[in-house]
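In what follows, a structure is listed as structure tokens, so that the remarks can point back to it.
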Amino acid sequence: MELRITLLPGDGIGTEVTEQAVAVLEAVCHNFHHSLKTATGLFGGVAIRATGDPLPPESLTLAKSAGAVLMGATGHPDFDTWPPEKRPEKGLLRLRKELAVFANLRPAICFQALESFSPLRSDIVQGTDMIIVRELTGGLYYGTPRGIKRNGEASVVNTMAYTQTEIERIARVAFNLARTRRKLVTSVDKSNVLENGQLWREVVTNLGAKEFPDVKLEHQLVDSCAMLLVTNPRRFDVLVMENMFGDILSDEASVLAGSIGMLPSASLGEHTGLYEPVHGSAPDIAGKGIANPLGAILSAAMMLRHSFGLEAEAHAVEDAVKKAIDSGIRTRDLKGTASTSEVGQAVVTALTDREPDLQRAAQRSAHG
Ligand code: NAD
Ligand code: IPM
Ligand code: MN
């Protein structure tokens, strides 16, 4: 099979982790006799510097014409005082909208070997295996009216808007996923205060009763859900929620996995899928070669599964990540000393089943 992928490495550690994800994709394609064709586009702050636009038309064309898009991260402190309309992040928001990827899947899994790396007690995090389904092209991020008015007293408005159709299609993704797992959907809203939450709850409830009677549905208010995520994370299977609620709760869920560097994501719609680690460009560690590439590598695994239907290949990458972690090779966010490329190479080594090489690399990084 030919895998045509557009790479948008973006800013900061985005480029560093994407390089490792590509190395892993090359290895898995070699093992399974696929051919990998990549094209790289300018994106984010680097694209603003080169062209004035965080998502130049050529990059968008490249993205739309590929079988899938692998993104690194976007954002740079130089643009932190710029208005939202002009920032690197705007390029990502436009990309999601242009690709119409309304369903953002963010799994949060606590690997056994990493139980003690969470700031939470290991008896709380062990066995955590949930997936957050974040609505990605509507809600507070995109609703209108929006903007700051500065004539007279300054005022500001953002709008959390959804249609019944938008709520139904994201809920359907969550229910279908739950059917492949433990058959529990937790729908998250703020229905005690916001009309938005009231309609959300009503639509999800009706859809569940009509189309998914075999899946258990529960509702949580977003504030208490934030608490339950760190007090009893094992109780969750599939969670579904509004765009910004999903942004916030998925960063919170990353502490269950030990580091935000571990979290992958898949953004799916009807056409090209977009794959990106949950973390950002991490300006504090960019350029040092110490970023954890596993979130990006696991995003590549999600790409193999969801965009190319290559389940065995996806599983091989996930298994190799687990072996690399079990061998003890870890970046600094997980109290290790290995570099980004050493961790990437360890996954490649595990993929090719060279156990002794993996052990030697682990010893080297332990002494490094
Ligand atoms: P961040 O995720 O970049 O970093 C938060 C903290 O986690 C930092 O201390 C960082 O060093 C650490 N971290 C993140 N990823 C890591 C990794 N792979 N390995 C080791 N440590 C890691 O969030 P932030 O600092 O709030 O944002 C920085 C910039 O990134 C901002 O411009 C923001 O808008 C942008 N951002 C982009 C995305 C994206 O492109 N998808 C996501 C989040 C934030
Ligand atoms: C994420 C990021 C983005 C978001 C930003 C960079 C636009 O935080 O992917 O979680 O808020 O969706
Ligand atoms: Mn975020």
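The values are calculated or read from the model by the stated rules, or taken from the named source; none is laboratory data. The shown structure was predicted, so the numbers you read here are calculated from the model rather than taken from an experiment. Ideal geometry is used to build each Cβ from the backbone, glycine not excepted, and the neighbour counts take in all protein chains shown. When the accessible area is computed, the model is the full protein with side chains, heavy atoms only, and any ligands, DNA or RNA have been set aside. Shrake-Rupley method; radii C 1.70, N 1.55, O 1.52, S 1.80 Å.
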**Asked** In 5 Å bins starting at 0, how do the alpha-carbon pair distances of segment 151-198 split up by percent?
**Response** 5, 15, 18, 19, 14, 11, 7, 4, 3, 3, 2, 0
**Message:** Need the C-alpha centroid separation for segment 128-193 versus segment 4-32, integer Å.
**Reply:** 30 Å
**Request:** Pull up the DSSP beta bridges for the chain and report the antiparallel fraction as a percent, rounded to 5.
**Result:** 40 percent
**Message:** Checking a compactness column here: for segment 50-178, what do you get for Rg(Cα) / (2.2 N^0.38 Å), N being the number of residues?
**Reply:** 1.36
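Dipole of the chain, Cα-centred, from +1 at each Lys and Arg C-beta and -1 at each Asp and Glu C-beta, to the nearest 20 debye?
On the way: 38 positive and 44 negative charges, 26 e Å.
Using only the charged Cβ atoms, the result is roughly 120 debye.
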**Item:** Rg and Dmax [Cα atoms of the chain; Å; Rg one decimal, Dmax integer]
**Value:** 20.4, 70
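Sum -39500 (n - 2.57) across every DSSP H segment of at least 4 residues in the chain, then divide by the residue count to get the 222 nm mean residue ellipticity, nearest 500. Intermediate results must be reported in sequence, preceding the final value.
Numbers: 13 runs with 165 residues, N = 368.
Dividing the helical sum by the residues of the chain leaves -14000 deg cm²/dmol.
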**Request:** Work out how far the C-alpha atoms of segment 1-120 reach from end to end along every principal axis, then list the three figures in whole Å, largest first.
**Result:** 43, 42, 26
**For segment 94-151, convex hull of alpha carbons as volume per residue, Å³** = 156 Å³
**Prompt:** Taking 0.36 nm per residue of separation and subtracting the Cα-Cα distance, what length does fully extending K335 through R4 add?
**Reply:** 115.6 nm
**Message:** Once neighbouring chains are kept in place and the probe is 1.4 Å, which whole percent of the accessible area of the chain is contributed by carbon and sulfur?
**Reply:** 53 percent
**Prompt:** How much accessible surface does V22 have with a 1.4 Å probe, in Å² rounded to 10?
**Reply:** 20 Å²
**Fill in**
L221 and T180 label points (each 7 Å along its Cα→Cβ direction) are spaced in nm at 3.4 nm
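How far, in nm, would the chain grow between T165 and H271 when pulled straight, counting 0.36 nm per residue and subtracting the alpha carbon separation?
Details: separation 106, 0.36 × 106 = 38.16 nm, distance 1.81 nm.
Length difference between fully extended and current span is 36.3 nm.
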**Complete:** per DSSP, antiparallel bridges as share of beta bridges in segment 1-139, % nearest 5, sits at 40 percent
**Fill in**
Computed over the chain, protein heavy atoms only, probe 1.4 angstrom, the accessible area per residue in square angstrom equals 43 Å²
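Give me the orientation-averaged projected area of the Cα convex hull of segment 254-368, in nm², one decimal.
Over all viewing directions, segment 254-368 projects a mean Cα-hull area of 7.5 nm².
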**Item:** Two-site FRET efficiency, N206 against D357, from Cβ-Cβ distance with R₀ of 45 Å, rounded to 0.05
**Value:** 0.25
**Fill in**
Expressed in µm² per second, the diffusion coefficient of segment 213-259 from the Stokes-Einstein equation, with Rh the Kirkwood radius over alpha carbon pairs, at 20 °C and 1.002 mPa s, is 186 µm²/s
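Tell me the Kirkwood hydrodynamic radius of segment 123-271 in angstroms, computed as one over the mean inverse distance between distinct C-alpha pairs.
The Cα-based Kirkwood calculation yields 16.2 Å.
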**Message:** For the pair K288/I148, report the inter-label distance in nm, with labels modelled 7 Å from Cα in the Cβ direction.
**Reply:** 3.2 nm
**Request:** Quick one: compute a quarter of the convex hull surface over the Cα atoms of segment 173-236 and quote it in nm².
**Result:** 4.3 nm²
**Inter-site label distance for V157 and E195 at 7 Å from Cα along Cβ, in nm** = 1.3 nm
